[in-house]
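Since the structure comes first, as structure tokens, the remarks are kept for the end.
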Amino acid sequence: MTEPRMVELIGKHITITDTMRAGVVAELPEIEWISDPTLRQNVTDAWAAALAISPFSRISEMKPSGNYDTRPLRHGTQADHFRSVTRMAVQIAEEMAALFPDFRYDRDLLIGGCLCHDIGKIWEFDPENVRRWNADPRANGRPSIRHPAFGLYICLAMGLPEGIAHCATAHSGEGELVQRSLENTILHQADYTFWRVADAGGQLAESDPWLDGELAAKSGAKI
């Protein structure tokens with residue numbers, strides 16, 4: 001048993017419980033690959049808190065796409081994306097380390113960064129937010145905050161290391177404005193490989209019923 005943890009995100013007070021943590025680990029079992037117990041706990045808690053302020057009960061309820069307005073996977077979930085990117089990134093790092101004797105990377109940071117890189121999608125993929133943005137883009141933008149920026153907020157607010165916050169905020173296009181860390185460079189390549197190969201392999205749906213909230217409602221998301 002782990003003590004409940006009280007945190008605050010976007011003005012909401014959250015009590016993180018073992019039940020919430022177990023739900024996160026069930027969807028992202030690669031969390032157990034993190035050797036440092038404090039980091040492992042904080043990655044789990046970050047996702048538990050993120051879900052608590054979102055309309056989603058589970059990661060797998062989110063639209064399985066790279067951005068809120070891009071085509072979703074024909075099969076699989078966002079949790080599958082996070083897990084696949086993590087596994088690919090670890091394999092890339094292990095291959096390079098086996099080839100180059102002086103290649104050094106932080107395995108825990110890489111895993112944590114991969115598992116949290118899209119944590120901000122709980123904001124960008126919220127069906128109610130999407131409806132608001134589409135109804136009046138001039139009011140707050142469309143989207144008002146992309147998932148890398150909101151992910152940075154969650155990571156910092158939840159006490160995750162700077163390196164993981166960097167992965168969240170700079171794994172995508174925003175990362176072109178900074179120099180990516182080694183771990184984030186590996187993540188970036190794995191992330192883009194996932195979506196590009198999925199597209200080339202015919203694994204993206206031709207239509208997108210998620211934008212109007214139809215499938216989110218059917219999935220059980222609290223909208």
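Taken together, the values in this text are just the output of simple stated rules run on the coordinates, not laboratory data. If you're wondering where the values come from, they're calculated on a predicted model, not measured in any experiment. A quick note on method: Cβ atoms are made from the backbone with ideal geometry, for glycine too, and the neighbour counts reach across all protein chains shown.
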- What are the semi-axes of the equivalent ellipsoid of the chain, taken as the square roots of 5 times the eigenvalues of the Cα gyration tensor, listed largest first and rounded to whole Å? 26, 22, 17
- Task: Can you check what the net charge comes to around residue 150, using other residues whose Cβ is under 11 Å from the Cβ of residue 150 (Lys, Arg +1; Asp, Glu -1)?
- Result: -1
- Please state the equivalent ellipsoid semi-axes for segment 5-95: what are the square roots of 5 times the Cα gyration tensor eigenvalues, largest first, in whole Å? 23, 20, 11
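Pairwise over distinct Cα atoms, reciprocal of the mean inverse distance: report the Kirkwood radius of segment 105-159 in Å, one decimal place. If you can, show how the numbers build up before the last one.
Working: mean 1/r = 0.0818 Å⁻¹.
Evaluated on segment 105-159, it is 12.2 Å.
For every helix of n ≥ 4 consecutive DSSP H residues, a contribution of -39,500 (n - 2.57) applies; sum these over the chain, divide by its total residues, and give [θ] at 222 nm rounded to the nearest 500 deg cm²/dmol.
On the way: 11 runs with 120 residues, N = 223.
So the helix-based figure for the chain works out to -16000 deg cm²/dmol.
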- Query: Relative contact order (percent) for segment 1-92, with alpha-carbon contacts under 8 angstrom and 6 or more residues of separation?
  - Reply: 22 percent
- Step through the residues of segment 27-39 one at a time and calculate ³J(HN,Hα) from phi using the Karplus curve (6.51 cos²θ - 1.76 cosθ + 1.60, θ = phi - 60°), rounding each to whole Hz and writing x for Gly and Pro. 8, 10, x, 5, 4, 5, 6, 6, 6, 6, x, 5, 5
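Let me have the relative contact order for the chain, percent, based on Cα pairs under 8 Å that are six or more residues apart.
Details: 339 pairs, mean separation 51.5, N = 223.
Worked out over the chain, it gives 23 percent.
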- Note on the structure: For segment 127-142, in residue order, the Karplus 3J(HN,Hα) values (coefficients 6.51, -1.76, 1.60; θ = phi - 60°; whole Hz; Gly and Pro = x) are x, 5, 4, 4, 4, 4, 5, 5, 5, 8, x, 6, 6, 9, x, 8
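Starting from segment 76-173, pick out the trypsin sites (Lys or Arg not before Pro) whose DSSP state is loop and whose Cβ has at most 10 other Cβ atoms within 10 Å. Intermediate results must be reported in sequence, preceding the final value.
Numbers: sites: 83, 87, 104, 107, 121, 131, 132, 138, 146; in loops: 104, 146.
Taking segment 76-173 and a limit of 10 other Cβ atoms within 10 Å, the loop trypsin sites (Lys or Arg not before Pro) found are 104.
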- Message: Net charge around residue 4, counting only other residues with Cβ within less than 13 Å of its Cβ (Lys, Arg = +1; Asp, Glu = -1)?
- Response: -1
- Message: Taking 8 Å as the Cα distance limit and 6 or more residues as the minimum spacing, I'd like the relative contact order of segment 93-223 as a percentage.
- Response: 25 percent
- Roughly how many whole Å is it from the C-alpha centroid of segment 15-67 to that of segment 89-122? 18 Å
- Task: Pop a pseudo-label 7 angstrom from the Cα along the beta-carbon direction at both residue 91 and residue 192 and give the gap in nm to one decimal.
- Result: 1.9 nm
- Task: Determine ³J(HN,Hα), in whole Hz, for all residues of segment 181-187 in sequence, where each value follows from phi through the Karplus function 6.51 cos²θ - 1.76 cosθ + 1.60 and θ = phi - 60°; x replaces Gly and Pro.
- Result: 5, 4, 4, 6, 5, 5, 4
